[in-house]
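Asks: Okay, here's the structure, questions in a sec.
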Amino acid sequence: MAESDAAQRHVVVTGGASGIGAAVVAELQGRGAAVTVLDLAAHPDPAVASIAVDLVDEPGVIAALERAARERGSITALVASAGVRGAFVPALELDLDAVRRVLEVNVLGTLVPAREIVRRLDGRAGSIVAISSTTAYRGWANQADYGTSKAAVRQLVENLAVEWAPLGVRVNAVAPGHTLTAMVQGMVDSGYDLAPVRERTPLGRLASPEEMAREIVHLLLDASFVTGQTPAVDGGRTAVRKQLRRRAG
């Protein structure tokens, strides 16, 4: 999609107040799109239109979308970036109330705004990109909550892509690998060692939020014949079948 076409877009970004979502907001604004953030927290830039809402509160989401459409015009695209991390503990130790919250936010928090936007398209073409994870591929220890929720997002995207293609709506996701967000940087500052992550990644580094955002926006606006897909944006990590051994120097 040309930048002139992007300028006609009003894109809602859930979870757009921080991390990858905030980078997506900046990328979209750079392409001239109108953007509204739906998040529990306000966007740090007061110039960015932002509405506080819990994405699993269906009436609240409906009201937020109606307000966004009144203030900035009809919504034609969505980046569903809102999500919460799991507990990263063995399944035998999981608190079920916490698991329910992970599943609700990551899965229902994608479905609810997506379908409410599609209901309001009135025959216009639309595009949706959700955020899955590389934990949606294969089995991972300590991921019975988060990994399962992100695998559900991947499946949801395939189902919605099939249902909504006749309506002119593309639905995709990305599966990010490790990304150097402020949250991850905080973990590093607290002593978390990223060396093993780099060692297992063929490109030998983490993604920046900005390059992750570029991939998301490309899929949202430019990949006009792509739907129902969840590409791994992970520096090649999911392609590895055995432990990498890097040469010194």
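The values are calculated or read from the model by the stated rules, or taken from the named source; none is laboratory data. This structure is a prediction, so every number in the text was calculated from the model and none was measured. Don't worry about glycine lacking a Cβ; one is built from the backbone with ideal geometry, like all the others, and counts go over all protein chains shown. The accessibility values were calculated without ligands, DNA or RNA, using every heavy atom of the protein model including side chains. Shrake-Rupley method; radii C 1.70, N 1.55, O 1.52, S 1.80 Å.
Asks: If the Cβ limit is 6 Å and pairs must be 6+ apart or interchain, which residue in region 32-51 that is over 16 Å from ALA82 (Cα atoms) pairs with which residue that is among the small types (Gly, Ala, Ser) and open to solvent by less than 10 Å² (accessible area, probe 1.4 Å)?
Replies: The qualifying pairs are GLY32/ALA6; ALA33/ALA6.
Asks: For region 80-97, check the following and say yes or no: at least one residue is modelled with pLDDT of 95 or more and β-branched (Val, Ile, Thr).
Replies: No, because not a single residue in region 80-97 is modelled with pLDDT of 95 or more and β-branched (Val, Ile, Thr).
Asks: Collect the residues in region 207-218 that are open to solvent by 30 Å² or more (accessible area, probe 1.4 Å) and not basic (Lys, Arg), keeping them in residue-number order.
Replies: Kept after step one, since they are open to solvent by 30 Å² or more (accessible area, probe 1.4 Å), are these residues of region 207-218: 208, 210-211, 214-215, 218.
Result: SER208, GLU210, GLU211, GLU215, HIS218.
Asks: I would also like to ask the following. Condition check: β-branched (Val, Ile, Thr), on the phi < 0 side of the Ramachandran plot and touching a Gly at 6+ places or on another chain (Cβ under 8 Å). Does THR201 satisfy that? Talk me through it step by step, then tell me what you get.
Replies: Values: β-branched (Val, Ile, Thr): yes; on the phi < 0 side of the Ramachandran plot: yes; touching a Gly at 6+ places or on another chain (Cβ under 8 Å): yes.
Considered against the rule, which asks whether it is β-branched (Val, Ile, Thr), on the phi < 0 side of the Ramachandran plot and touching a Gly at 6+ places or on another chain (Cβ under 8 Å), THR201 comes out as yes.
Table: residues versus (1) free of Cβ contacts under 8 Å to residues at least 40 places away in the same chain; (2) surrounded by fewer than 20 Cβ atoms within 10 Å (Cβ to Cβ); (3) in contact with a helix residue (DSSP H, G or I) (Cβ under 6 Å, 6 or more places away or on another chain); (4) aliphatic (A, V, I, L, M).
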{"residue": "GLN155", "(1), (2), (3), (4)": "yes, yes, no, no"}
{"residue": "ARG170", "(1), (2), (3), (4)": "no, no, no, no"}
{"residue": "ALA175", "(1), (2), (3), (4)": "no, no, yes, yes"}
{"residue": "ASP193", "(1), (2), (3), (4)": "yes, yes, no, no"}
{"residue": "LEU220", "(1), (2), (3), (4)": "no, no, no, yes"}
{"residue": "SER224", "(1), (2), (3), (4)": "no, yes, no, no"}
{"residue": "ALA239", "(1), (2), (3), (4)": "yes, yes, no, yes"}
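Asks: Check GLN143, GLN185 and return the single one that is surrounded by fewer than 18 Cβ atoms within 10 Å (Cβ to Cβ) and under 27 Å from GLU104 (Cα atoms). I'd like the intermediate steps shown before the answer.
Replies: Values: GLN143 fails: surrounded by fewer than 18 Cβ atoms within 10 Å (Cβ to Cβ).
Of GLN143, GLN185, the one residue that is surrounded by fewer than 18 Cβ atoms within 10 Å (Cβ to Cβ) and under 27 Å from GLU104 (Cα atoms) is GLN185.
Asks: Of everything in region 122-133, what is farther than 19 Å from VAL84 by Cβ, of a type outside the set (S, T, N, Q) and surrounded by 16 or more Cβ atoms within 10 Å (Cβ to Cβ)? Give them in sequence order. Give the steps one after another, and end with the answer.
Replies: Going through region 122-133, the residues farther than 19 Å from VAL84 by Cβ turn out to be 122-128.
In the following step, the residues that additionally are of a type outside the set (S, T, N, Q) were identified as 122-126, 128.
Those that are farther than 19 Å from VAL84 by Cβ, of a type outside the set (S, T, N, Q) and surrounded by 16 or more Cβ atoms within 10 Å (Cβ to Cβ): GLY126, ILE128.
Asks: Could you figure out which of (1) in contact (Cβ under 8 Å) with a residue 60 or more places away in the chain; (2) open to solvent by 70 Å² or more (accessible area, probe 1.4 Å); (3) within 21 Å of GLU66 (Cα to Cα) isn't true of ARG119?
Replies: (1)
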